[in-house]
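Heads up: the structure comes next, in structure tokens.
The values are calculated or read from the model by the stated rules, or taken from the named source; none is laboratory data. Model, not experiment: these values are computed from the prediction. Note that we place each Cβ from the backbone using ideal geometry, even for glycine, and neighbour counts take in every protein chain shown. The protein model used for the area step is the full one, side chains on, heavy atoms only, and it has no ligands, DNA or RNA in it. Shrake-Rupley method; radii C 1.70, N 1.55, O 1.52, S 1.80 Å.
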Amino acid sequence: MSPDPLGPADLADLHVIIPAGGAGTRLWPLSRAGRPKFLLDLTGSGRTLLQQTWDRVTQLVPPERVHVVTGPRHADAVREQLPALTSIFVEPSPRDSMPAIGLATAVVHQDHSEAVVASFAADHVVSGADRFADAVVQAVRTARDGHVTTIGIAPRSPSTAFGYVESGAPLSVEGAPTARTVVRFVEKPDEETARAYLRAGTFSWNAGMFVTRADVLLDHLARLQPTLHDGLRRIATAWSGPDRQAVLEQVWPTLTKIAIDHAVAEPVSLTGGIATVPGRFGWDDIGDFAALHDLGHDQASSPDGTPRDDHALWIDADGLVRARPGVTVAVVGIPGAVVVQTDDALLVTTLEHAQRVKEVPAALSAAGRDDLV
């Protein structure tokens, strides 16, 4: 059973927040601190991950109700990639997802007290626009009912790269037939635990998509994180005035550095205040090169080993190659190989060790090679 067709009344009070941060260290050397993955076209679509997110959410709400939160190092690139963007929040330093989402929420609430806010990361890949819209509509309807609502992704495998959400009893929310209570959030499991989650059939991947009334989120923050709440309120009060930057720079460093999962989602789930709706659309956060390989956007050679676009030649091997234009990479006898070349760096690893790539920029920083990070 699907909700009513999408119409103005469904999303008339919805504001979308796009947190655009992080360095994507598991995708080094493509993703760097100065040019992280959300600013890159990793899927070969001609649009960066940020632009794809923008395209997706502006099918649901007008551009003036989309708010991007990013850092000073990326603000100009964000503006360049999103020329129709009218609302950008430049956080002086990274404080994790709760201050970022909370700031935009507090400012939106100043002018729109009845607003519903939805947070969607800037660096995820989503396919199936109709199913995405269906999930958002149901999540908004559930959020209006007072629940902080997350959109859970049906697991495709016993992944150890994602956290999980366990769903409980159905909720009686008009127009949201798939909404359920959240029993608990769990951190990234080991493989045996992940397999048990899949067998149970009540667990979803936690994609970090949250939809809630702005006043509900702020009320939870006031109760659970009062210092953070009061600081965000102080910044929001000054946001439209001449003291915005001064207040932001003074208050921001004092805010608690915490993720929205730990600040609100997990503690509120213990009292039944969190809901989930299933996201039956294609989704991936492209967390590493193994995920990028699984998406099939690696420009690999054909099955018989013939190079495609003079790019890769596989002989008794398979995997992923990203090389500079005009460079052919030959891989011999290495299953699951990963070879990534940029102007100033070369990565060689395997799909099995894709999660360990984050150790490279950490080691380079420790060695003083910040030019490569």
Cut-off under 5 Å, modelled amide H: who pairs with ALA323 long-range = GLN341
message = Step by step: find N for the chain, compute 2.2 N^0.38 Å, then divide the Cα radius of gyration by it. What's the final number?
response = 1.02
ask   = Tally Lys and Arg at +1 and Asp and Glu at -1 over the other residues with C-beta under 11 Å from the C-beta of HIS109: what net charge comes out?
value = -2
note = At 25 °C in a medium of viscosity 0.890 mPa s, segment 85-126 has a Stokes-Einstein diffusion coefficient, with Rh taken as the Kirkwood radius over alpha carbon pairs, in µm² per second, of 208 µm²/s
Three-way shape call for segment 56-115 based on the alpha-carbon gyration tensor, with the a/c threshold at 1.5 = oblate
key: Gaussian network model of the chain, springs between alpha carbon atoms under 10 Å - residue of ALA354, ALA161, ALA317 with greatest fluctuation   = ALA317
key: Candidates GLY201, GLY128, GLY326, ranked by Gaussian network fluctuation over the chain, Cα under 10 Å, top entry   = GLY326
key: Derived scalar couplings ³J(HN,Hα) [segment 192-198; Karplus, 6.51 cos²θ - 1.76 cosθ + 1.60; whole Hz; x for Gly, Pro]   = 4, 5, 4, 5, 5, 4, 5
key: Relative contact order for the chain, counting Cα pairs under 8 Å that sit 6 or more residues apart, in percent   = 19 percent
task = Show the residues, 5+ positions off or on another chain, whose built amide H is closer than 5 Å to the amide H of ILE17.
result = HIS67, ALA118, SER119, PHE120
query = What are the ³J(HN,Hα) values, in whole Hz, obtained from phi via the Karplus relation 6.51 cos²θ - 1.76 cosθ + 1.60 with θ = phi - 60°, for each residue of segment 47-64 in sequence order, with x given for Gly and Pro?
reply = 10, 5, 4, 4, 5, 5, 5, 4, 4, 5, 7, 7, 6, 10, 9, x, x, 5
query = Tilt of helix 226-238 relative to the longest C-alpha principal axis of the chain, in degrees (0 to 90, nearest 10)?
reply = 80 degrees
ask   = On the accessible surface of segment 226-373, probed at 1.4 Å, how many percent belong to carbon and sulfur atoms?
value = 52 percent
ask   = How many Å² of accessible area per residue for the chain, probe 1.4 Å?
value = 45 Å²
key: Farthest toward positive dipole pole in the chain [+1 Lys/Arg, -1 Asp/Glu at C-beta], among ALA194, ALA312, GLN225   = GLN225
note = When the chain is treated as a Gaussian network with springs between alpha carbons less than 10 Å apart, the largest mean-square fluctuation among ARG156, ARG95, ARG32 is found at ARG156
